[in-house]
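The values are calculated or read from the model by the stated rules, or taken from the named source; none is laboratory data. The model shown is predicted, which means the values in this text are computed figures rather than measured ones. Cβ coordinates were reconstructed from backbone atoms using ideal geometry, including for glycine residues, and neighbour counts include every protein chain displayed.
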Amino acid sequence: MATNQRPVFAYNPKTPVVNISAANTSNAEVASPSDSTSFRELYVSPVTAGSKVTSIAFQFVGTGTVSAGIANIWLTNNAGANARVVRMVTIPLAAGAISNTVPGYYVEVAFQDFQLEDGQKIFVSVTTLAANTTLNVRASIGDFEL
């Protein structure tokens, strides 16, 4: 068997961003997940070698008073089905007023070793969302190469 001449690093950086504009109060498994205003597809690992997630960040934007809630990160199997909440990274979001001059709550979750198989998808949702506000979600991800 030939030796791999490349060190195993995430070669292709990705920074997907989605905007959640509706609340999703469920945390039950979703057999056939699809992108919607309350259940956003953040990333699909497209390569045969998989991907590595470095961090996922959440930022409320808009004007109004946001309620405390939970932002959920969901992970599918490698066929892109059966999305489940990855509970170890369920993030509590604090309440507070936001405006054009007062930034909304921001949290970034860093991962030591969160790797995806090819075909796995990451979805994100939030349990509460005030009028005139949205939740922006950004990820730092790198795809591996063989």
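In segment 136-146, which residue that is in a strand (DSSP E or B) and out of contact with any Ser or Thr (no Cβ under 8 Å at 6 or more places or on another chain) is surrounded by the most Cβ atoms within 10 Å (Cβ to Cβ)?
Residue satisfying both the conditions and the ranking: Val137.
If we keep just the residues of segment 114-135 that are part of a loop (DSSP other than H, G, I, E, B) and not charged (D, E, K, R), which is nearest to the chain's Cα centre (by Cα)?
My answer is Gln120.
Here is a list: Glu145, Glu108. Which entry is over 18 Å from the mean Cα position of the chain (by Cα), farther than 20 Å from Ser26 by Cα and among the charged types (D, E, K, R)?
Selected residue: Glu145, the only one of Glu145, Glu108 that is over 18 Å from the mean Cα position of the chain (by Cα), farther than 20 Å from Ser26 by Cα and among the charged types (D, E, K, R).
Per-residue answers, yes or no, for (1) of a type outside the set (Gly, Ala, Ser); (2) farther than 15 Å from Phe39 by Cα:
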site: Ala79; (1), (2): no, yes
site: Gly96; (1), (2): no, yes
site: Phe111; (1), (2): yes, yes
site: Phe123; (1), (2): yes, no
site: Leu129; (1), (2): yes, no
site: Leu135; (1), (2): yes, no
site: Arg138; (1), (2): yes, no
site: Glu145; (1), (2): yes, yes
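Taking segment 83-105 as the search range and keeping residues that are at pLDDT 80 or above and under 15 Å from Ser125 (Cα atoms), which one is surrounded by the most Cβ atoms within 10 Å (Cβ to Cβ)?
Top of the filtered list is Ala83.
Kindly indicate whether any position in segment 39-55 is modelled with pLDDT of 85 or more, surrounded by 14 or more Cβ atoms within 10 Å (Cβ to Cβ), part of a loop (DSSP other than H, G, I, E, B) and under 16 Å from the mean Cα position of the chain (by Cα).
yes
Identify, please: which residue in segment 6-30 is among the small types (Gly, Ala, Ser) and at pLDDT below 90 and is, among those, surrounded by the fewest Cβ atoms within 10 Å (Cβ to Cβ)?
In this case the residue turns out to be Ala28.
Could you check how many residues of segment 56-77 are in a loop (DSSP other than H, G, I, E, B) and either touching a Pro at 6+ places or on another chain (Cβ under 8 Å) or of a type in the set (A, V, I, L, M, F, W, C) (or both)?
The number of residues fulfilling the criteria is 2.
Within segment 20-55, which residues are within 14 Å of Gln115 (Cβ to Cβ) and touching a Phe, Trp or Tyr at 6+ places or on another chain (Cβ under 8 Å)?
Val47, Ala49, Gly50, Ser51, Lys52, Val53, Thr54, Ser55
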